[in-house]
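Working notes, structure below.
The values are calculated or read from the model by the stated rules, or taken from the named source; none is laboratory data. These figures come from a predicted structure and were not determined experimentally. Quick reminder, even Gly has a Cβ in these numbers, built from the backbone with ideal geometry, and neighbours come from all protein chains shown. SASA here: full protein model, heavy atoms, side chains in, ligands and nucleic acids out. Shrake-Rupley method; radii C 1.70, N 1.55, O 1.52, S 1.80 Å.
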Amino acid sequence: TTTVTLGDLCSLCFNTPIPVPKPAFTANISVTADLPADVRAVTITGGNVVLSVTNNFSFDPIRPSATARGSIAITIRSGETVLGTRTISGATRSLAPGTTATETIPITGTISGPIVADLVLTSPPGDPTVLNRSQSFSVTIAPQNITAWSATVNVTNRGVGLVRSRGETSA
């Protein structure tokens with residue numbers, strides 16, 4: 001989980017005691033999920049990353065007025081390898097204050113490091129609202145139902161069982 005504040009994301013957003021027009025801003029947010037300690041690489045053949053976005057701002061960042069629409073572009077990657085993408089569009093859904101949007105993003109590809117979700121939040125100008133720079137926006141990712149074709153793991157200082165053709169095991 002990564003949590004950022006309005007002050008982190010919007011340099012034009014200042015604490016206001018009265019409603020003021022919400023300024024436009026574009027922000028980059030990243031959240032990382034590490035591989036298990038002994039796993040060096042995995043070739044994924046199926047599965048998902050479940051991404052949850054919680055809006056604790058006093059406004060909807062992707063639908064900040066009756067007509068303005070923004071978006072959250074999501075890229076799931078490992079290093080330079082793109083595993084999956086998705087866009088949450090303010091044209092088709094809202095992210096009202098105090099709500100959470102959940103996206104299930106199918107992924108495939110080879111992972112050789114952490115899984116990273118990069119988000120680009122594009123929030124257009126909006127209706128007047130009271131701004132508070134300490135209000136937060138959180139992103140959580142969780143791998144789900146991952147299937148793999150192959151994996152490279154470290155087995156240093158561990159016994160490894162070998163299976164013979166007759167089902168016998170030796171060390």
Checklist entry - Name the residues in segment 126-149 that are open to solvent by 50 Å² or more (accessible area, probe 1.4 Å) and at pLDDT below 95, would you? => result PRO143, GLN144, ASN145, ILE146, THR147, ALA148, TRP149
Next on the checklist: Give all pairs with beta carbons closer than 7 Å in which a residue from segment 140-154 that is farther than 24 Å from THR54 by Cβ meets a residue that is basic (Lys, Arg); count only pairs at least 6 apart in sequence or on separate chains.
Outcome noted: THR152/ARG40; VAL153/ARG40; ASN154/ARG40
Next on the checklist: I'd like to know if segment 73-92 contains one or more residues that are among the charged types (D, E, K, R) and touching a Lys or Arg at 6+ places or on another chain (Cβ under 9 Å).
Outcome noted: no
Checklist outcome for this item: Residue hits (segment 6-48; open to solvent by less than 40 Å² (accessible area, probe 1.4 Å) and of a type outside the set (A, V, I, L, M, F, W, C)) are GLY7, THR16, LYS22, PRO23, GLY46, GLY47, ASN48
Checklist entry - Scanning for something open to solvent by 40 Å² or more (accessible area, probe 1.4 Å), part of a loop (DSSP other than H, G, I, E, B) and modelled with pLDDT of 95 or more, does segment 100-114 turn up at least one residue? => result no
Item to check | Top-ranked residue in segment 50-95 [being at pLDDT below 95 and among the polar types (S, T, N, Q); ranked as surrounded by the most Cβ atoms within 10 Å (Cβ to Cβ)] | outcome: SER78
Item to check | Number of the condition not met by SER123 [criteria: (1) of a type in the set (S, T, N, Q); (2) surrounded by fewer than 16 Cβ atoms within 10 Å (Cβ to Cβ); (3) in contact (Cβ under 8 Å) with a residue 12 or more places away in the chain] | outcome: (2)
Checklist entry - Hey, among THR75, THR87, THR99, THR81, which residue is hydroxyl-bearing (Ser, Thr, Tyr) and in contact with a Leu (Cβ under 9 Å, 6 or more places away or on another chain)? => result THR75
Item to check | Tally of residues being within 20 Å of ALA68 (Cα to Cα) and in contact with a strand residue (DSSP E or B) (Cβ under 9 Å, 6 or more places away or on another chain) across segment 83-93 | outcome: 6
